[in-house]
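The numbers here are math on the coordinates, done by the rules we state, and not lab data. It should be emphasised that the depicted structure is a prediction, and the values quoted were computed from it without experimental measurement. Don't worry about glycine lacking a Cβ; one is built from the backbone with ideal geometry, like all the others, and counts go over all protein chains shown.
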There are 2 protein chains.
Amino acid sequence: MTFVQRLGAAAGHIERRLTELLAECGPEKGERLGAAMRHALLDGGKRFRPFLVIESGGLFGLEAPAVLDAAAAFECVHCYSLVHDDLPSMDDDDTRRGRPTVHRAFDEWTAILAGDALLTLAFEIVARPQTHADPAVRTELARILAHAAGGRGMVLGQMLDLEAEKRGEPQQLTAEHVRRLQGLKTGALIAACCEAGAVLAHASDEERAALKRYGEGLGLAFQIADDLLDAEGDAAVMGKAAGKDSAAGKATLVSLIGIVEARARLTEAVGRAARELNRFGARATPLIEAAQFTASRGY
Amino acid sequence: MTFVQRLGAAAGHIERRLTELLAECGPEKGERLGAAMRHALLDGGKRFRPFLVIESGGLFGLEAPAVLDAAAAFECVHCYSLVHDDLPSMDDDDTRRGRPTVHRAFDEWTAILAGDALLTLAFEIVARPQTHADPAVRTELARILAHAAGGRGMVLGQMLDLEAEKRGEPQQLTAEHVRRLQGLKTGALIAACCEAGAVLAHASDEERAALKRYGEGLGLAFQIADDLLDAEGDAAVMGKAAGKDSAAGKATLVSLIGIVEARARLTEAVGRAARELNRFGARATPLIEAAQFTASRGY
């Protein structure tokens, strides 16, 4: 199986499980809130974050069914963040992956509430006994998910990004500031996905720390690739208009250090991420390929 | 100590602990996100929900310090819900408790993100080992908190409330529909606060169920009292303009069944709530007083 096939197969598993979990824990059929949550969650995304949870668990011999609910919870958090980021008062996006955003398909207040409910659902899923037999694992998953997603993680990253943009001064940011901002906005959740596989498997502290560092490198590569795609990519690959981020005045690394230097940092980040996985031998191949794939495609 | 003194003392404990938890787990000093979260969270509220967690735990001999972090987490969820409910696309409120709402003191996107971060913080607090030594307790707290707050609980209640209001048809709602809506929007979290005390104390399933039923009765009383205050109360007691809810076209029970019948139902709800606590004897006095106080003041 090629990497792309493997990613696609995982996405299929996740899509089905998300559908089931929404039915089990989400609003009852016929509720408008449930329809908005489904619109946000079941959009045929690549499911890269849950893939990382699955593959990180796989490093320790866990099969997909044993980690699927935890993986789904991380995807709920990712999807909630997209719904809120797209809102009129934030990025004001009308489409995502070729479909209307939630506030366009429904309305603004429904989008805010659907995002709130998806974030809350993530923690309900993680806390359910079905997710893992060991309550210590479930509570630790909830803790790292909350930490990565919250006011010292993803939400702070979005805040810093918007603050710079609304003040109209991304040009005045340093590359270091952009890196911190992107690390919070995107990297923290990606690193937590990788760490989650180790938590689910009762891995050692050293293994867990290595996976987290891998995830941090991967998150960095992800963002640099995204900036490069924004600068040079075509809209079909990205699912959004090329040049949109820099046109919107968003802070991008490429605008600060140039394409050549950004490419060099991308290669370095992928190499550093991959080296963290040396200790796991051949079983780490899918995760190493994930880093290479991220770099080549700008996932 | 009178009930009001007891409530005030608990509010003081909670206020201090919320301040500490924001410093420990929230954005670092100087971040605008942290300032918005503090504005939302440290507003001198009555802290009725954390009081219920503390007193429910107290039924089983737990001292306040043993339940304070869990109580604080429930207050974070309550405060996040107020921030989002106040947003321009929802209730569009400019003031709360005599201060500007978060989106007025800051701006709309900051208010959305501060709410998101407070909701996430609640789960981080619950999941931290500091909150309870037993991970099974922490994960169960996270589960009941998420269930009460999410798409089958509080968020769904807010959605139904706004749907009726935006369609301009609250008059067409039945009293049963209003009761369901209010039970979801307000009652679910209040009941979960009461249940949380039992979870923290490793109480029996029967004790836990009794506390949850007490909380459901209390939540109902809370809402009827609120509707009565809206219909007849003065702004100073409520902290918002009297008649505001019915003027906004909000569904209120009083408008459907009248003041006399609403008063009768209020008395009945308080009585039913109090009877659930018979098994706990004299230790339940503060919770029985809480129900009576709710009825008399319209918390």
Worksheet entry | Inter-copy spacing of B:GLY168 label points, which lie 7 Å from Cα along Cα→Cβ, given in nm from shortest upward | 3.9
Item to complete: Counting other beta carbons within 10 Å of each Cβ, put A:ASP94, B:ASP43 in order, fewest first.
Response: A:ASP94, B:ASP43
Worksheet item: Can you name the helices of chain A, as whole DSSP H runs, whose Cα span along the helix axis is 30 Å or more and whose Kyte-Doolittle mean is not below -1.0?
Response: A:3-25, A:64-85, A:205-232
Discussion item. Can you give me the orientation-averaged projected area of the convex hull built on the Cα atoms of segment A:1-61, in nm²?
Written reply: 4.7 nm²
Discussion item. Can you compute the helix-only [θ] at 222 nm over the protein assembly as shown? Use -39500 (n - 2.57) per DSSP H run of at least 4 residues, normalise by all residues, nearest 500 deg cm²/dmol.
Written reply: -23000 deg cm²/dmol
Worksheet item: What FRET efficiency do you get for A:VAL4 and A:GLU63 if R0 is 30 Å and r is their Cβ-Cβ distance, rounded to the nearest 0.05?
Response: 0.90
Practice prompt. State log₁₀ I(q)/I(0) for segment A:29-156 at q = 0.10, 0.11, 0.17 Å⁻¹ as given by the Debye formula over alpha-carbon point scatterers of equal weight, solvent excluded.
Written response: -0.33, -0.40, -0.90
Discussion item. How large is the Kirkwood hydrodynamic radius of the protein assembly as shown, counting all unique pairs of alpha carbons, in Å?
Written reply: 24.6 Å
Discussion item. Inside 10 Å of the C-beta atoms of B:28-36, what's the mean count of C-beta atoms belonging to other chains?
Written reply: 3
Discussion item. So if I place +1 on the C-beta of Lys and Arg and -1 on the C-beta of Asp and Glu, and nothing else carries charge, what would the dipole magnitude of chain A be about its Cα centre? I want it in debye, nearest 20.
Written reply: 520 debye
Discussion item. Quick check on the exposure proxy: order A:THR174, B:THR131, A:THR285 from fewest to most C-beta atoms within 10 angstrom.
Written reply: A:THR174, A:THR285, B:THR131
Fill in: Other copies of A:PHE3: label-to-label distances in nm, shortest first, labels 7 Å along the beta-carbon direction
6.5
Discussion item. For peptide A:153-162, what's the mean number of Cβ atoms from other chains within 10 Å of each residue's Cβ?
Written reply: 6
Item to complete: Hey, can you grab everything whose amide H is under 5 Å from the amide H of B:ARG96? Only 5+ residues off in sequence or another chain; H modelled, so Pro and N-termini drop out.
Response: B:THR101
Worksheet item: Per residue, what volume in Å³ does the Cα convex hull of segment A:3-297 take up?
Response: 115 Å³
Worksheet entry | Partner chain coverage, peptide B:133-139 - average Cβ within 10 angstrom | 6
Item to complete: Once the label point is placed 7 Å from Cα along Cβ, list for A:ALA264 the distances to the corresponding points in the other copies, in nm, shortest first.
Response: 8.3
Fill in: Relative contact order computed over chain A (Cα-Cα under 8 Å; 6+ residues apart), in percent
18 percent
Worksheet item: Between B:ASP134 and B:ASP94, what length in nm is gained on full extension when 0.36 nm per residue of separation is reduced by their alpha carbon distance?
Response: 10.2 nm
Fill in: Shape call, segment A:51-110: gyration tensor on alpha carbons, a/c limit 1.5
prolate
Worksheet, complete the sentence: Using alpha carbon centers only, segment A:85-120 is separated from segment A:1-43 by a whole-angstrom value of 17 Å
Practice prompt. Rounded to whole Å and ordered largest first, report the semi-axes of the equivalent ellipsoid of segment B:97-159 derived from its Cα gyration tensor (root of 5λ).
Written response: 27, 16, 9
Practice prompt. Taking the Cβ of each residue in B:SER204, A:SER81 as the centre, tally the other Cβ atoms inside 10 Å and list the residues starting with the fewest.
Written response: B:SER204, A:SER81
Item to complete: Pick out, in residue order, every one of the GluC sites (Glu not before Pro) in segment B:49-128 that is DSSP loop and has at most 13 other C-beta atoms within 10 Å; say none if there are none.
Response: B:GLU63
